[in-house]
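Attaching a single structure in structure tokens format; questions to follow.
Rule-based calculations on the coordinates, nothing more; no lab input. What you see is a predicted model, and the numbers here were worked out from it, not measured in a lab. So basically every Cβ, Gly included, is an ideal-geometry build from the backbone, and we count neighbours across all protein chains shown.
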Amino acid sequence: MHVFVAGGSGFVGSSVCKLLQEKGHTWTIISRSTGPNKVSWSELMENGLPECDAVINLSGGNPFDPMKKWNEEFKDEIIKSKVEPNSNIAKLISDMKQPPKVFVSASAVGYYPPSRSAQYTEDDPAGTGYFSCLNADSEKAAMQAKSDKTRVAVVRIGSALGKDGGVIKEMKLKFQLGFGGVIGSGEQFFPWIHVDDIAGIFIHVIENDHVEGALNAAAPGVTTNRDFTKAFAAALWRPSFFPLPEFIVKAMFGSERAVVFLEGYNAQPKRTLESGYTFKYTSLTDAINDIVL
């Protein structure tokens, strides 16, 4: 198959493109600039989407950038970066005589309300906070591409573990700053997933005609922030004695963002498993050792 990948140069996108190649598929990256195996958004919007088999959207800004002040301007910027690409792709697909068979867009487990007690599957409704509405609006925009010729899936990604980005990069920074322990109480749920499995789920969707709708991209089982911190510290042979207090998390990110870190999500991949996907990493220790060692 030939696949167009928006955000294909990023942390997750690089893994998706690598797996596409391993599976014998070809791809074109949609980005802000042109180059080898690339096409710009402006070119697509002007000339239309070329005939292809699938489209994957992984684009969007990082709402948890600690260097960005959490204000209305930045919040609107994040909404635009998440929703607009899906709306544009949906329009491009709807304008085609021969549209792609499938469109898959990245969402996040932030679709659900943060909670230290609730367990969520793909059948549960969205919350009412900023991040829930952000992901719900993004998914709604993606679903506009659905037709009798094009199926649509949204992949709700948890905390990504990988060598070149995601939570591992943030944890290494924590240790460098002297906060090698848990975040807050440490009892909040931690919906982790190895980046190889994120890529695997996206490829699973495009290769299997029966897969559509919402899929949780989080390893099965229940893990807390304390579990993750201990496993990560053990892999580094480092102590994990010094927690990151709640007030520092709130000071760094603001209360609206901090709740994501301090409350967490227990998102289980019910529909993902039912669709036939087999996780490469279900053991947190194995996933961390693969990345750290």
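I'd like the orientation of helix 195-207 relative to the chain: the angle between its Cα long axis and the longest Cα principal axis, in ° from 0 to 90, rounded to 10.
The answer is roughly 30 degrees.
Step through the table entries Lys140/Lys270; Lys38/Lys82; Lys101/Lys140; Lys23/Lys80; Lys18/Lys75, compare each Cα-Cα distance with 28 Å, and write down the pairs that go over it.
Values: Lys140/Lys270 21 Å; Lys38/Lys82 20 Å; Lys101/Lys140 19 Å; Lys23/Lys80 33 Å; Lys18/Lys75 32 Å.
The pairs that break the limit, which is 28 Å between Cα atoms, are Lys23/Lys80; Lys18/Lys75.
Using modelled backbone amide H atoms (1.01 Å from N, in-plane), which distant-in-sequence or interchain residues come within less than 5 Å of Ser107's amide H?
Sorted by chain and number, the residues that satisfy this are Val155, Arg156, Ile157.
Where the only charges are on Cβ atoms (+1 Lys, Arg; -1 Asp, Glu), what is the dipole of the chain about its Cα centre, to the nearest 20 debye?
Values: 30 positive and 33 negative charges, 109 e Å.
With only Lys, Arg, Asp and Glu charged at Cβ, the dipole is about 520 debye.
If you rank Ser15, Ser9 by fewest surrounding Cβ atoms within 10 Å, what's the result?
On the way: Ser15 25, Ser9 17.
Lowest count first: Ser9, Ser15.
Turning to a different aspect of this structure: Whats the longest run of the chain with zero GluC sites (Glu not before Pro) that are DSSP loop and have at most 15 other Cβ atoms within 10 Å?
Numbers: sites that count: Glu51, Glu187.
Segment 52-186 is the longest.
Here is a further query. Over the chain, what is the mean sequence separation of C-alpha contacts under 8 Å (at least six apart), divided by residue count, expressed as relative contact order in percent? Please list the in-between numbers first.
Details: 556 pairs, mean separation 57.9, N = 293.
Computed value for the chain: 20 percent relative contact order.
Using θ = phi - 60° and the Karplus curve 6.51 cos²θ - 1.76 cosθ + 1.60, what whole-Hz ³J(HN,Hα) does each residue of segment 257-265 get, with Gly and Pro shown as x?
7, 4, 4, 4, 6, 8, 9, x, 9
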